[in-house]
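Reading through the structure tokens given below for one structure.
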Amino acid sequence: MRIFDPHIHMTSRTTDDYRAMYAAGVRALVEPSFWLGQPRTSPASFHDYFDALLGWEPFRAAQYGIAHHCTLALNPKEANDPRCVPVLDDLPRYLVKDSVVAVGEIGYDSMTPAEDHALAAQLQLAADHGLPALVHTPHRDKLAGLRRTIDVVRESALDPEHVLLDHLNETTVKEAAGSGGWLGFSIYPDTKMDEDRMVAVLKAHGTDKVLVNSAADWGRSDPLKTRKVGDAMLAAGFGEDDVDKVLWRNPVAFYGLSGRLQLDVPPPADLHEGNSILRGGE
Ligand SMILES: [Zn+2]
């Protein structure tokens with residue numbers, strides 16, 4: 001089973017996770033920029049983070065045989081912090097980098113006017129740079145948040161077919177599909193979607209334009225949820241081609257809209273002890 005995790009925050013994960021992901025079949029991933037939990041106090045804090053997503057993290061992933069790309073943006077939560085908003089002016093110089101495959105994650109957190117502004121401005125940046133957009137839908141008030149998101153996308157210069165609407169569930173999948181966008185589902189250990197609910201959505205909705213991600217980060221999450229969905233699909237009677245479509249070909253097609261995917265990372269030379277490059281702090 002070859003797996004492309006289209007949304008995972010590896011900065012918050014260990015090298016053991018990289019090893020386990022490779023063993024489970026993960027060969028590519030996209031790391032969206034997001035909120036680190038600790039509030040940032042200046043655009044310079046974003047610059048260092050963006051540079052880590054462009055430099056250090058792809059290097060680390062490559063040691064484990066995994067192709068790493070990223071999406072960059074001012075995240076929805078920090079769009080409300082005036083200390084962070086000026087990073088919007090710096091994004092153009094980052095969005096031209098080779099491994100940036102979308103603008104994201106953008107969207108709504110609390111649906112404030114400041115979030116309206118950041119979302120519209122960043123959809124425009126995506127259109128200007130020929131990039132698709134990864135749009136997070138809010139965890140609270142999901143359907144209202146999705147509708148407002150779709151309205152803003154419609155008013156933007158970006159083709160709705162170049163938008164991935166993420167964190168969907170049973171209540172939002174139909175409207176999201178109606179917008180023409182791609183459909184992202186985040187599979188979590190204890191809240192929101194789980195693998196059995198995901199299989200039920202796939203049975204009802206089909207596999208077209210559906211992407212499944214672990215959204216693993218610094219919270220309770222599981223970087224192997226993509227594989228677990230693949231196994232649950234097979235157990236429920238889906239074929240291997242269906243699994244390959246959802247877990248590989250769909251994310252390749254969506255992020256391939258950037259024209260920047262590079263998926264030819266060689267297998268790890270040594271997955272055992274002794275990889276001194278990555279032993280921290282030496
Ligand atoms: Zn995320």
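The values are calculated or read from the model by the stated rules, or taken from the named source; none is laboratory data. What you see is a predicted model; the values in this text were computed from it and never measured. Positions of Cβ are generated from backbone atoms using ideal geometry, with glycine treated the same way; all protein chains shown enter the neighbour counts. Areas reflect the complete protein model, heavy atoms only, side chains present, ligands, DNA and RNA absent. Shrake-Rupley method; radii C 1.70, N 1.55, O 1.52, S 1.80 Å.
Summary of values
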| quantity | calculated |
| --- | --- |
| Tally, over segment 123-152, of residues that are open to solvent by 10 Å² or more (accessible area, probe 1.4 Å) and over 15 Å from the mean Cα position of the chain (by Cα) | 17 |
| Test: residue in segment 47-69 that is out of contact with any His (no Cβ under 9 Å at 6 or more places or on another chain), within 16 Å of the ligand (Cβ to nearest atom) and not in a helix (DSSP H, G or I) | yes |
| Ala120 being assigned to a helix (DSSP H, G or I), open to solvent by 10 Å² or more (accessible area, probe 1.4 Å), among the small types (Gly, Ala, Ser) and out of contact with any Lys or Arg (no Cβ under 6 Å at 6 or more places or on another chain) | yes |
| Within segment 96-117, considering residues that are of a type in the set (A, V, I, L, M) and surrounded by fewer than 23 Cβ atoms within 10 Å (Cβ to Cβ), the one farthest from the ligand (Cβ to nearest atom) | Val96 |
| Single residue of segment 153-174 satisfying the filter (closer than 19 Å to Phe254 by Cβ, away from the ligand (no atom under 16 Å from the Cβ) and of a type in the set (Asp, Glu)) that is most open to solvent (accessible area, probe 1.4 Å) | Glu161 |
| Residue satisfying all of: in segment 68-95; in contact with a helix residue (DSSP H, G or I) (Cβ under 7 Å, 6 or more places away or on another chain) and closer than 30 Å to Arg19 by Cβ; surrounded by the most Cβ atoms within 10 Å (Cβ to Cβ) among these | Ala73 |
| Cβ-Cβ under 9 Å pairs, at least 6 apart or on other chains, segment 162-183 side within 13 Å of Ala204 (Cβ to Cβ), far side open to solvent by 10 Å² or more (accessible area, probe 1.4 Å) and part of a loop (DSSP other than H, G, I, E, B) | Asn169/Lys192; Ala177/Asp208; Ala177/Lys209; Leu183/Asp208; Leu183/Lys209 |
| Criterion violated by Leu36 - all others in (1) in a loop (DSSP other than H, G, I, E, B); (2) more than 15 Å from the ligand (Cβ to nearest atom); (3) open to solvent by 10 Å² or more (accessible area, probe 1.4 Å) satisfied | (2) |
| Residue that is nearest to the chain's Cα centre (by Cα), among those in segment 70-117 that are among the β-branched types (Val, Ile, Thr) and outside any strand (DSSP E or B) | Val96 |
| Filtered residues of segment 11-33 (kept if within 11 Å of the ligand (Cβ to nearest atom) and surrounded by 19 or more Cβ atoms within 10 Å (Cβ to Cβ)) | Val30, Glu31, Pro32, Ser33 |
| Helices (runs of 4 or more DSSP H) contained entirely in segment 181-256, each with at least 3 residues that are open to solvent by 70 Å² or more (accessible area, probe 1.4 Å) | 195-205, 225-235 |
| Residue list for segment 1-10, filter: open to solvent by less than 30 Å² (accessible area, probe 1.4 Å) and either in contact with a Cys (Cβ under 8 Å, 6 or more places away or on another chain) or part of a loop (DSSP other than H, G, I, E, B) (or both) | Pro6, His7, Ile8, His9 |
